[in-house]
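**Student:** Have a look at this one.
Nothing in this text is a laboratory measurement; each read-out follows from the coordinates by a stated rule. All of these numbers come straight from a predicted model, not from anything done at the bench. Glycine also receives a Cβ, built like all others from the backbone with ideal geometry; neighbour counts cover every protein chain displayed.
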Amino acid sequence: MKTTTSRSRQKLFGIGLTVIAAALVVAGLASRQLQAEQLKEGAADHSVPTVSLLAAANINAAPLELPARIEPWARAPIYARVSGYLKSWKLDIGAPVKAGQLLAEIETPDLDQQLLQAKAELVTARSNLGLSSSTATRWKALLESNAVSKQEADEKAGDLAAKQSIVSALQANVDRVQALQRYTRLTAPFDGIVTARNTDIGALINVGGAAGSELFVISDVRKLRVYVNVPQRQVALVRPGSTVKLNVPERPGKTYTATVQSQAQSIVAGSGTMLVQLVADNAAGELLPGGFATVSFETAADASRMSLPPGALMFGKNGVQVATVGTDNRVVLKKVTVARDFGNVIELDSGLDRADRVIESPPDGIANGDLVRVATAAAAPKAK
């Protein structure tokens, strides 16, 4: 009896253990299934990026600042027209000069001898002309009395004409050498200052006009020409007669004015810019020719243009794009055109509507049609 009872208890205990084991297995499977579903839901949740949105803002009016170079109103390199040695120079760099004022003198011994030779040849030719003239007159009288033939009289007249031509040629040669002698005195062509002196007393002077061989440079700096290359997009902002601001690095904090005088009316293919010439008054002599400057063109705000922070732009093989979010929370990439880069904001010329919801910092690899989750206002970061 006891044996039967013991066996029954053992059997019940085994069944209980089996039931407990089965329950544990079922619970483990259920837990693993729940975890798998949770992981799947988490993975799906993480596959949809959360993005912050911002709206395009109006662009404030800002001056168009461009680099420029300053040139004198007139600049005349003084070259040598005769060879010789520099006898003396009268004015050094920075000295004011009047039109016609003597700059330097050149000694020309070779040219002096050429003039003496030319004058001697002219004297000889004039003597021959006198003799030929008297001979032709005499033979003409003899021809009237038939003492000589007409052929001989014509020969004497022809010789007279040839001698007259020789005298004219030699006189022209004397005039040429005398004209060259006038170039031994170098003078200023207009009022200005001496901005370069590249010679000294005793220096060998050669005839030349190549760059770098000038003896002096005279510049008129009472007015200055300012040249600036304006990008094609901003050409319409520049109007002849308008006044612009001019700044130079050697005088920080001081602003000068210049007036737009003329435009090249042609775009340079290599740089995509148009050359614009401005005129600046320099009565005080504070602006230096040959220097660099910054020109500021005043511009009006364009209501049709918008601005975005640089982080909202995407640069790739398709150009510059902006990621926007549609009503179905899917990404729409739009190609935009950049007008100007102000550093903290980018001015857009076209490609974006004011109603577009722009992603502030698009995730890497984002593409058209991607589903995104828009961050709430409390969690979204502030737009730059």
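**Student:** Along the Cα-to-Cβ line of Lys254, 7 Å from the Cα, sits a label point; which residues in segment 266-289 have backbone N less than 17 Å from it?
**Tutor:** Taking a point 7 Å out along Cα→Cβ of Lys254, the residues of segment 266-289 whose backbone N falls under 17 Å are 280-289.
**Student:** Please report the spacing between the Cα centers of segment 303-354 and segment 163-194 in Å, no decimals.
**Tutor:** Each part reduced to its Cα centre gives a spacing of 70 Å.
**Student:** For Ser132, what is the net charge nearby, where nearby means another residue's Cβ is under 9 Å from its Cβ and Lys, Arg count +1, Asp, Glu -1?
**Tutor:** Details: positive: Lys156, Lys163; negative: Asp159.
In short, +1.
**Student:** Kirkwood hydrodynamic radius for segment 102-187: how many Å is it when counted over pairs of different Cα atoms?
**Tutor:** 15.2 Å
**Student:** Sticking with this structure for a sec: Summing Lys, Arg as +1 and Asp, Glu as -1, what charge do residues with Cβ under 11 Å from the Cβ of Ala55 carry, Ala55 excluded? Let's see the in-between values first.
**Tutor:** On the way: positive: Arg354, Arg357; negative: Asp353, Asp356, Glu360.
Once all neighbours under 11 Å are counted, the net charge is -1.
**Student:** A further question on this structure: Mind giving me the FRET efficiency for Asp328 and Ile15? R0 is 45 Å, r the Cβ-Cβ distance, nearest 0.05 is fine.
**Tutor:** Using R0 = 45 Å, I get an efficiency of 0.20.
**Student:** Over all directions, the average projected area of the alpha-carbon convex hull for segment 127-246 comes to how many nm²?
**Tutor:** 17.8 nm²
**Student:** Right, something else. Between Glu155 and Lys223, 0.36 nm times their residue separation minus their Cα-Cα distance comes to what?
**Tutor:** Value of the extension gain: 17.8 nm.
**Student:** Would you list Ser350, Ser213 from fewest to most Cβ contacts within 10 Å?
**Tutor:** Taking fewest neighbouring Cβ atoms as first place, the list is Ser350, Ser213.
**Student:** From the backbone phi of segment 235-242, what are the Karplus-calculated ³J(HN,Hα) couplings (6.51 cos²θ - 1.76 cosθ + 1.60, θ = phi - 60°) in whole Hz, Gly and Pro given as x?
**Tutor:** With coefficients 6.51, -1.76 and 1.60, one gets 4, 5, 7, 9, 10, x, x, 6 Hz.
**Student:** To continue, here is another question. List the residues whose amide H sits under 5 Å from the amide H of Thr324, counting only those 5 or more places along or on another chain, with H placed 1.01 Å from N in the peptide plane.
**Tutor:** Excluding prolines and chain starts, which carry no amide H, the hits are Val332, Leu333, Lys334, Ile359.
**Student:** Give me the net charge for the shell around Asn206: Cβ to Cβ below 13 angstrom, other residues only, Lys and Arg +1, Asp and Glu -1.
**Tutor:** -1
**Student:** With r defined as the distance between the Cβ atoms of Thr135 and Arg176 and R0 fixed at 30 Å, what FRET efficiency is calculated, to the nearest 0.05?
**Tutor:** Efficiency, from the Cβ-Cβ distance: 0.50.
**Student:** Quick one: go through segment 80-116 and flag any residue whose amide nitrogen is under 13 Å from the point 7 Å out along the Cα-to-Cβ line of Asp200.
**Tutor:** It comes to 89, nothing else.
**Student:** Any chance you could list the semi-axes, whole Å, largest first, of the equivalent ellipsoid that the Cα gyration tensor gives for segment 81-141, using √(5λ)?
**Tutor:** Value: 47, 14, 6 Å, ordered largest first.
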